[in-house]
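Structure first, commentary second.
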Amino acid sequence: MAITNTQQGVITEAEFAKIAILTSNGRLVPTRALADDDRRDFEIHIRRHFRESLAVQVKTTKQLRLHGRSRVLQINFRVKAPLVSDEHLYYFLAHFDIKAMGYTDPVFLVPSPFFHKHAVHLVSRGIIQLQFKASMEPNAKGMWTPFASPQAELGARILEILKSGFSVHLGLAPTVAELIGLPGVVWLQRPMPAPASRRSLAA
């Protein structure tokens, strides 16, 4: 007998919290939202630091699709309009392997402004259909690739976001950091400290 969608939600949300805590060496504190009116499952802050927090909405699937020989993560879900985009709100998207009882690498952590801009699939009668579709292969190249990482790096990525203050990223030139900090600007590729790394911005 297959698990229900409700059971899937409980299991995968607990798994997300576990990985966030373990991969940050206990520095991250995920707190469940008692009321999900703002469409977030967790509020996360750094232990003993309360100035900044990150809201995370967890979306998972139990199956991977095949496109040729490539595994594809596809997650569809609906929300009522309007969509609220905020730099403090992220989506966590992943495949949960029932047999392995855990997530499959890579997992995706996507800022809501970028996600809402590229995942809207259909709008009808006040209901918005969102579709996330990304390759799971190590050599994948696509718009979602910059947000992919092994689950072992999830804690470090969240810590990086929280420590950056959501506008200034370590390792970036001051002018680039200022551009990323402007309202409505979303970085498409994860900032890297190496000077030779490519970075692209989209308004």
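The values are calculated or read from the model by the stated rules, or taken from the named source; none is laboratory data. Quick caveat: nothing in here was measured; it's all calculated off a predicted structure. Quick reminder, even Gly has a Cβ in these numbers, built from the backbone with ideal geometry, and neighbours come from all protein chains shown. What goes into the accessible areas is simple: the full protein's heavy atoms, side chains included, and nothing from ligands, DNA or RNA. Shrake-Rupley method; radii C 1.70, N 1.55, O 1.52, S 1.80 Å.
Can you say whether Phe77 is over 18 Å from Ser149 (Cβ atoms) and open to solvent by 50 Å² or more (accessible area, probe 1.4 Å), as far as the supplied structure shows?
No: the conditions fail for Phe77.
Within region 103-137, track down each residue that is of a type outside the set (D, E, K, R), at pLDDT 90 or above and not in a strand (DSSP E or B).
Scanning region 103-137 gives Ser112, Pro113, Phe114, Phe115, His116, His118, Ala119, Met136.
I'd like to verify a number: residues in region 79-96 that are part of a strand (DSSP E or B) and either in contact with a Phe, Trp or Tyr (Cβ under 6 Å, 6 or more places away or on another chain) or within 26 Å of Leu22 (Cα to Cα) (or both), how many?
8
Check region 35-53 and report whether any residue there is among the β-branched types (Val, Ile, Thr) and surrounded by fewer than 18 Cβ atoms within 10 Å (Cβ to Cβ).
No.
Listed here are the residues, each with its yes/no results for (1) outside any strand (DSSP E or B); (2) under 18 Å from the mean Cα position of the chain (by Cα); (3) farther than 15 Å from Ile161 by Cβ.
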| position | (1), (2), (3) |
| --- | --- |
| Gln7 | yes, no, yes |
| Ile11 | yes, yes, yes |
| Glu15 | yes, yes, yes |
| His45 | no, yes, no |
| Lys59 | no, yes, yes |
| Leu66 | no, no, yes |
| Gln74 | no, yes, yes |
| Phe77 | no, yes, yes |
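Assess whether Asp97 counts as being open to solvent by less than 70 Å² (accessible area, probe 1.4 Å), among the acidic types (Asp, Glu) and within 24 Å of Ile127 (Cα to Cα).
The answer is no for Asp97.
Is it true that Leu89 is crowded, with 16+ Cβ neighbours inside 10 Å and either at pLDDT below 95 or in contact with a Gly (Cβ under 7 Å, 6 or more places away or on another chain) (or both)?
yes
Which of the following residues is in contact with a Ser or Thr (Cβ under 6 Å, 6 or more places away or on another chain) and among the β-branched types (Val, Ile, Thr): Thr104, Thr4, Thr12?
It is Thr12.
Could you tell me how many of the residues in region 25-34 are open to solvent by 50 Å² or more (accessible area, probe 1.4 Å) and either free of Cβ contacts under 8 Å to residues at least 24 places away in the same chain or not in a loop (DSSP other than H, G, I, E, B) (or both)?
Within region 25-34, residues that are open to solvent by 50 Å² or more (accessible area, probe 1.4 Å) and either free of Cβ contacts under 8 Å to residues at least 24 places away in the same chain or not in a loop (DSSP other than H, G, I, E, B) (or both) number 3.
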